Amino acid sequence: MQKLEPVIAAGVFSREARGAGAAPDARGPARHTPSRGRTAWWLAMALVLVLWLASAGAARAAEVGADLTTLSLEQLLEIPIVGASKYEQKPADVASAVRVISRQDIQTFGWRTLGDALASLPGVHTTFDRQYQYLGTRGFGLPGDLTARVLVMVNGNRINDPVYDGAPVGHDFPLDLDLIERIEFIPGPGGAVYGQNAMFGVVNVITRTGASLNGAEVAVSYQHPNTSRSGRASFGKLLDNGVDVLVSVSGLSANGKNRYYDYGTSGISGVAAGLDTERDQEFFARVSRGAWSAEIVQGDRAKRDATAAFFSDPLVRTRPATDRYETGQLQYQDRYADGTLQVSGRLFAGRYRFGATYSYGTIFSQPARADWYGTEWHVVSTAVAGHTLMAGLEAQDNATVRQASLDFAQPANDLRIDSSGHRIGVFAQDEWRLIDTLSATLGLRVDHNNDTGTRFSPRTGLIWQATPATTMKLLYGQAHRAPNAYERDYGDGKAQVANRSLQGETVEAWEAVLDHRFAPELAVRASLYRWTTQDLITLGTEPVSGLAQYQSGGSVRTQGLELSADKVWASGARLRGSVSLQEADPPHGGRLPNSPDVLGKLNLSAPLARGWQAGYELQADSKRRSLAGSDLGGYAVSNLTLGTARLARGVELWLSVYNLFDRRFAQPGSEINWQNALEQDGRSASVKLVVRF
């Protein structure tokens, strides 16, 4: 009865039959697209598209000649990356298949959550259980997974909380998307730089500055049929005294949809009227001058649950589940020794509050809270020719980690669990230029915490600039995750027992990346990878009591191929497409739940007449297996956004239609759900007005 990770009984990825026959909609079971035929057709079309782009680019390359040293595929592809190594690097020098999402992308395609934006990237899929949005990477995204194996940061400050390790990527993400300048996604193990949570990837969100906003900005939006209303007021300015300041408040209120649910073996079904409402509030403030900057990120979300999660009493109105994130940091960064030495430091602190009530004849409350603070310092030196040396230290004290189960009818049954902990890590990296066209990245981080002791996270990368247009990368890395407080400490003696000896999990990854530019306006990429996750933390059975208990054991091997192409035209149009072929093998054979074998992405943006522009997005997922062992058919969903920044002076208008063709599809439920599959949203439309002063 907590904000759980998925139940995986005895290391076998399955669920009990209760709820397996749930009908997600009053109109009957969702009509899923036949998985094999449609998926194969889509994959064939995508591959044809990639080949067509490549041939067109090759022809153009022959026309312009062989001088490719000045090629540029939009300014985006040249933006320095800071999230991979904690200092600025050119994308070609990053030891990862790094991806960047710009503010223009977010605007053009009308993305509403961080997860929506990340889902446009190769190898990334999302799952929505009508309460939270979760991120799956390269075939791994267990139903109900709290995205604990991906590190999410805002300006380098981690958002993952110490209670559940969860990374918020839905409306619980505490920053308004309009305040994002760009999103860096670094797939693969990032443990050599960041330690805890950076197993399958690192997401670093870079915010806008006061100078880029340069005034006041007000935005309002409305979405139908969910009756969602949102508003934002922001002010940013670079003052005459050199102080850059940005302050913003935003909020969302949504009525949701009254859906029909079948609550499985409870024998109850019906329309969950008024049980899908949501309220969000965000606050962001940042001020900087010279080498110093300070910021606060705060988000407060309240969401009712129509699914009666954790097998609570169906169709009973209780208090909404709440997630409140508060993080802040004070940063310092400056250069010394004629610019060859960069010194960076920061002090940070965070708070997380979770609350939910559930009905089991009587009302139970399940609050959780965490408070943490820490510091990080690192230096980067280019004093030695051919080397970029980085070394640093990070320490975090989880001063308060508290969980509780409160019985309102019988307070004597109340359960309170207090935890505290700490972690400290030292890390170093050498970006070594062996020759002009060959460089190596060698990194190591040593972490120590009070739960799993000392762990090592190495990282190596060999980057060969074969030609001015071709870059090849061979990458290896390891990362780890210590068990979170819920997995290790929560035990009520009735449904679950604690496991204080629970060990952490690790991932070992190999990857080969090929980047090639056929012409200034065309780039293609191929990534081949193989990951092995060992000592996976899953919910099994404690042999003495027979109760559920989180345990270490088993491994999952994921392997795949990602192909992508990026094409721009002189008119300003841009086409991006990708196909991901991925396979995840659970410890005892079969198929991993919620793991699509094929992902297809297509994003087309184009200028129209009179200052308008269009953004069309297509996302196709092959079938996914539910915990009950049934297959949920694949689907393809289209979104369309039209907008203009010239409606009037300082006025923008954006119109979006999501699920353009009203496709019906479902995604797997988790062990906390009565429902085996959960119907996703049909077609909806939104209008957004932005006014600048």
* Asked: Once the principal axes of the Cα atoms of the chain are found, what is the range along each, listed largest first in whole angstroms?
  -> 74, 55, 54
* Structure fact -> Ordering M472, M153 by the accessible surface of their heavy atoms, 1.4 Å probe, largest first, yields M472, M153
* the stretch 472-587: proportion of alpha-carbon pairs further apart than 21 angstrom, % -> 57 percent
* **the stretch 185-229 pair-distance distribution - Cα-Cα, 10 Å bins, rounded %** => 21, 21, 22, 33, 4
* Which of the pairs K86/K237; K86/K688; K494/K623; K90/K303 have their Cα atoms more than 29 Å apart in this structure? -> K86/K688; K494/K623; K90/K303
* Phi-based couplings in Hz for the stretch 481-494 (Karplus 6.51, -1.76, 1.60; Gly and Pro marked x) -> 9, 6, x, 7, 5, 5, 4, 8, 10, 6, x, 9, x, 10
* To do: Compute the FRET efficiency between R649 and K494 as 1/(1 + (r/R0)^6), taking r as their Cβ-Cβ distance and R0 = 41 Å, and round to the nearest 0.05.
  => 0.05
* Whole-Hz couplings from phi, Karplus 6.51/-1.76/1.60, listed for the stretch 293-309; x for Gly and Pro -> 8, 9, 8, 10, 10, 9, x, 9, 10, 10, 9, 6, 10, 7, 8, 6, 4
* Using 7 Å Cα-to-Cβ label points, what is the L389/W432 separation (nm, one decimal)? -> 1.3 nm
* Structure fact -> Result for the chain: accessible area per residue, probe 1.4 angstrom, in square angstrom, of 39 Å²
* How large is the dipole of the stretch 577-693 about the Cα centre if only Lys and Arg carry +1 and Asp and Glu carry -1, each at its Cβ, rounded to the nearest 20 debye? -> 680 debye
* Structure fact -> FRET efficiency for L474 and T382 from the Cβ-Cβ distance with R0 = 25 Å, rounded to 0.05, comes out at 0.55
* Structure fact -> With +1 at each Lys and Arg Cβ and -1 at each Asp and Glu Cβ, the charge dipole magnitude of the chain around its Cα centre, to the nearest 20 debye, comes out at 1400 debye
* To do: Return the ratio Rg/(2.2 N^0.38 Å) for the stretch 117-251, where Rg is computed over Cα atoms only.
  => 1.18
* Taking just the C-alpha trace of the stretch 543-592, give me its Rg and Dmax in Å. => 21.1, 69
* Asked: When the chain is fully extended, how far beyond the present Cα-Cα distance does V343 get from A614, taking 0.36 nm per residue of separation?
  -> 93.2 nm
* What spacing in nm lies between the two simple spin-label points modelled at S630 and D414, each 7 Å away from Cα in the Cβ direction? -> 4.2 nm
* Over the stretch 213-286, what is the mean sequence separation of C-alpha contacts under 8 Å (at least six apart), divided by residue count, expressed as relative contact order in percent? -> 27 percent
* Nearest-10 value in Å² for the accessible area of H378, using the 1.4 Å probe -> 20 Å²
* Which distance in nm do the two modelled labels at V287 and Y336 give, with both placed 7 Å along the Cα-to-Cβ direction? -> 2.7 nm
* Round to the nearest 0.05 the FRET efficiency obtained for D397 and L442 when R0 = 35 Å and r is the Cβ-Cβ distance. => 0.70
* Length-normalised contact order for the stretch 428-560 - Cα pairs under 8 Å, 6+ apart - percent -> 17 percent
* MRE, 222 nm, helices only [DSSP H, n ≥ 4, -39500 (n - 2.57), over the chain, to nearest 500] -> -2500 deg cm²/dmol
* Structure fact -> proj_area_mean for the stretch 92-148 (convex hull on C-alpha atoms), units nm², value 4.9 nm²
* To do: Tally the DSSP beta bridges in the stretch 301-359 and give the antiparallel ones as a percent, rounded to 5.
  => 100 percent
* Asked: What percent does the relative contact order of the chain come to when contacts are Cα pairs within less than 8 Å and at least six residues apart?
  -> 16 percent
* **Surface share of carbon and sulfur [accessible, 1.4 angstrom probe, percent] for the stretch 385-436** => 55 percent
* Stretch gain in nm, segment T460-K90, where the contour uses 0.36 nm per residue and the Cα spacing is subtracted -> 131.5 nm
* If D178, D240 are ordered by their accessible area, calculated over protein heavy atoms with a 1.4 Å probe, which sequence runs from highest to lowest? -> D240, D178
* Asked: When the accessible area of the stretch 527-628 is computed with all protein chains present and a 1.4 Å probe, what percentage of it is carbon and sulfur?
  -> 54 percent
* Asked: Stretch H422-A302 to full length: gain in nm at 0.36 nm per residue minus the Cα-Cα span?
  -> 40.2 nm
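The values are calculated or read from the model by the stated rules, or taken from the named source; none is laboratory data. Keep in mind that this is a model prediction, so the values were computed, not measured. Here Cβ is always computed from backbone atoms with ideal geometry, including for glycine, and neighbour counts include all displayed protein chains. These accessible areas exclude ligands, DNA and RNA; they are computed on the full protein's heavy atoms, side chains included. Shrake-Rupley method; radii C 1.70, N 1.55, O 1.52, S 1.80 Å.
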